[in-house]
Every structure is written in C-alpha cells, then in structure tokens.
Amino acid sequence: MMPTRWDLLLTHANLASFAGDMPFGLIEDGALACADGRIAWIGPMRELPPGASATHVEDLGGALLTPGLVDCHTHLVFGGNRANEFDMRLNGASYEDIARAGGGIVSSVRATRAASEDELFAQSLPRARALLADGVTTLEIKSGYGLETETERRMLRVARRIGSELGITVRTSFLGLHALPPEYKERRDDYVTLVCDTMLPELAAEGLIDAVDAFCEKIAFTPAETRRLFERATQLGLPVKLHAEQLSDQGGAALVASFHGLSADHLEHLGDTGIAAMAEAGTVAVLLPGAFYALRETRLPPVAALREHGVPMAVATDCNPGTSPLLSLRLAANMACTLFRLTPEEALRAITVDAARALGLDDRGTLAVGQRADLVRWNAKHPAELCYWIGGSLARTIYRGGCAIPA
Ligand code: NIG
Ligand code: FE
C-alpha cells in the first residue's frame, strides 16, 4: 500500500534503473519516491499518482539518477604505498620479479603491520572517501596485508569502521591466503593451517568476515591449498570468491565455481573449462581493468566467451597499493569499455547490479520498488556519460537509504 506521504520524491529525472527491457532500464522524465530507506515508487512522471506528496520533493530538471555504485573488489585498507615499484616496473621489472625480490605484497605487509589501528584508519579513509565522491555506496574491502591474526583483525576492524564513519555499506573479505609471509618461508603448510584453523574461525566468530577470498597463483597459493580454505569457509557458512587466472591458468575459476562461489576475479588467463563452470554455478566474473592497465598486461580476459555463456560480468577498482592504485569506479568502467570492449551498458551493469550480485546482495544495484534507496544524482543526462568521461567529478548528490550524504 502506498504511504500517504513519502519521505523523498525526486521528479523529472532520467532514471537508469537497470531493470526492465529498455537499454540501461532507462525511464525518461521519471519520478522516484522513497519511504523508510527503500524505493517506494518508480515510473514515468505522467503516471505519478495524483496527489502524491513527500516530506522532501526535488525537481531534478532532467538529471540522471542511478543506483549507488558498488565496488565489489578492493584492498583499500593498507599502510604506506608502493610508488617506488611503479618506477621499477617502468624500468622493466615484472610484478613477479618484484614479488620474488621481496617487494610486492610483502612490502605492504611490513607497512601495514607497523601501523596502529588509528593510523591505518587515517591512511585508508581518504581512499574510501574518493570512491564515495564518485558515487560508490557499497564497497568491498579485503584483508590480506597482515598475514598474522592481529594485523588481519586490525584491517577488518578498520574496514568496518570506514563503513560506519561514511555511512556506506562495507562488505569484508578475509584474504589470509594472499601471500606467504616471510617468516613461514620454509613452512607453507603451517601457514595454511594457521589461516584455516585459527585466523578464519576466530575472526569469523568476531563477526569480522562476510566472505573468504584467496590468491590462487604460482607466486601465491596452490589450488589444493585454496580448496582447504574453501572447505573450512563452507563449514563456517561463509561464501567464497577467488583471485583466479590473473597471471596463469591454475583452474581457480572452476575451483571456486565448484563451491558455488560468489565470484572469480581478474581472469585474463581464464579458459573454456573455467567459463563453463562459472556459467553453470552462476559465479560472477569480476574484471579488474586497473590491474590490467597498471601491469601493462596484454592478455585480455575472454569477454566475448563470457558474454556468449551468459556469465554475469562485474567491474571493480581492485584499489590496492601494488597493481591498481585506482580511486574511481567510473574510471574502471571507462577502462572496461576501452580496454576490454564492454559496451557502456554492460560496464554500468557491471558496477551496479552485477557487482551487487558478486557480493551476494540482491537488495541494491537496480532502481525498483523495495530496493534500498541508495541513489546517485549526476551532473549528466545520459547513463553512457558515466563511462565516457575519463576522470573528473560527476556525482552531484549521493543518497543512502533515501538520505543525502553530505559531500
Ligand atoms: O588484486 N593479485 C593479488 N592481489 C592484488 C595485488 C595486491 C598487491 O600487489 O598489493 C590484486 O591485484
Ligand atoms: Fe585484488
């Protein structure tokens, strides 16, 4: 039943709903109403019920309104940065060279371990603010620069704190199997045991973990080690996802799909078996063009085959200090079009509805009655503009649960 009075009514908007049959789910000259933090009505202006009223009414004058954007893969909590490696890479060192020489992930581990919770929060918050300023209202943040219980806990606590500070949703992923910590160099099995039998259950019991991730790669963890972690996660009732097929084909995508994983991410080296397994399981392909760009990768993820098999594609920033110091999800969508040949519509679905799906969330990412009223009003008229402009700032007002977040 329609409330007598809505909390918020936005009129004369171009609504990119990502629902229905129209491209972008576009409703031109539309209206959208919110009540109790949810979308209560959406449709063309001419169908607005006569006498409809709301506590706040705003005429958008033809501006574009979309769902709040969803960044479904970030590592934005970390200490320090790795600008020095940028220089090394430009001089010819590969990501693997740097990792094998004791740099890479492990150097961020040193800086993160050295930072107190408040320092880590202070260093990480501006990165989350930058994403929010560009329209992100739901954000995934991984651990994985602690690689021991205390620092992994600190990272996850900081991630939760960022969510409450900014009034946005933060979903945490535990990435204990990100890199082998130097102190376990000769004892990899002991480290995997520590992650599976101590860190994961302890941090899960503290309510710090929403999903479990791993880096399945020659320079990181094997499929067998990843499987051990996924079995443990499944016992604890936690969903899984995976950094898969980034530098080589390890069969990671098929592995995560066999656990009905939420997503397989990166995927430049994904082959047919992995694609078929993902299609079958409904595992989302998360494409990370920022890492592709920063590593000057030349092998493209198999977008045409993913499309053909109906695998949903999401795009994320992968914001991290090593391979993707990227602070704009819209720029990631732009790169997904230019570098990976997604259509603008695919790229926008990839940072809204399909990104939400990659986090296991079905209450956001589209504009439809009953969805969370997480919305962005843009300084733009047509949705394609969001991935057409390269950089810059386009978001005008960001609403969370129907309330405007102060910029
Ligand atoms: O998603 N691939 C592994 N993990 C990150 C990189 C992390 C780092 O280099 O600090 C990624 O690209
Ligand atoms: Fe990543």
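Summary table below
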| item | result |
| --- | --- |
| Peptide ranges 343-349, 174-180 listed from the most packed, as the mean C-beta count within 10 angstrom indicates | 174-180, 343-349 |
| Along principal axes, Cα extents of the stretch 203-313, largest first, whole Å | 41, 29, 23 |
| Packing rank of 152-158, 120-126, 239-245, 334-340, where each peptide gets the mean count of other beta carbons within 10 Å, highest leading | 239-245, 152-158, 334-340, 120-126 |
| For VAL240, distant residues with modelled amide H under 5 Å away | VAL212, LEU262 |
| DSSP beta bridge pairing in the chain, given as percent antiparallel to the nearest 5 | 45 percent |
| Per residue value of the accessible surface for the stretch 69-358 (all protein chains in place, 1.4 Å probe), Å² | 35 Å² |
| Contour excess over end-to-end distance, with Cα ends at THR298 and ALA404 and 0.36 nm allotted per residue | 34.0 nm |
| Three-way shape label, the stretch 280-379, alpha-carbon gyration tensor, a/c 1.5 | oblate |
| Computed FRET value (nearest 0.05) for GLU183 with MET22, which takes r as the C-beta separation and R₀ as 60 Å | 0.60 |
| Förster radius 30 Å - calculated FRET efficiency between ALA101 and ASP190 (Cβ-Cβ, nearest 0.05) | 0.80 |
| Phi-based couplings in Hz for the stretch 242-252 (Karplus 6.51, -1.76, 1.60; Gly and Pro marked x) | 8, 6, 10, 6, 7, 10, 7, 8, 9, x, x |
| Percent carbon-and-sulfur accessible area, the chain, ignoring ligands, DNA and RNA, probe 1.4 Å | 52 percent |
| Coarse-grained scattering of the chain at q = 0.10, 0.13 Å⁻¹, given as base-10 log I(q)/I(0) from a Debye sum over alpha-carbon atoms | -0.64, -1.05 |
| Efficiency of FRET from Cβ geometry, LEU90 and ARG341, R₀ 35 Å, rounded to 0.05 | 0.85 |
| Helical contribution to [θ] at 222 nm, DSSP H n ≥ 4, -39,500 (n - 2.57), averaged over the chain, rounded to 500 | -10000 deg cm²/dmol |
| ³J(HN,Hα), Karplus 6.51/-1.76/1.60, whole Hz, each residue of the stretch 151-167, x for Gly, Pro | 6, 4, 4, 4, 4, 5, 5, 5, 4, 4, 5, 4, x, 6, 4, 8, x |
| Cα centroid separation, the stretch 371-395 to the stretch 105-176 (Å) | 25 Å |
| Long-range HN-HN contacts of ALA373 with modeled amide H, under 5 Å | ARG38, ILE39, GLY401, GLY402 |
| Length gained when the stretch ASP197-ALA276 is fully extended (0.36 nm per residue, less Cα-Cα span) | 25.2 nm |
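The values are calculated or read from the model by the stated rules, or taken from the named source; none is laboratory data. Just so you know, these numbers come straight off a predicted model, no measurement behind them. Note that we place each Cβ from the backbone using ideal geometry, even for glycine, and neighbour counts take in every protein chain shown. Calculation scope for accessible area: heavy atoms of the full protein, side chains included, ligands and nucleic acids excluded. Shrake-Rupley method; radii C 1.70, N 1.55, O 1.52, S 1.80 Å.
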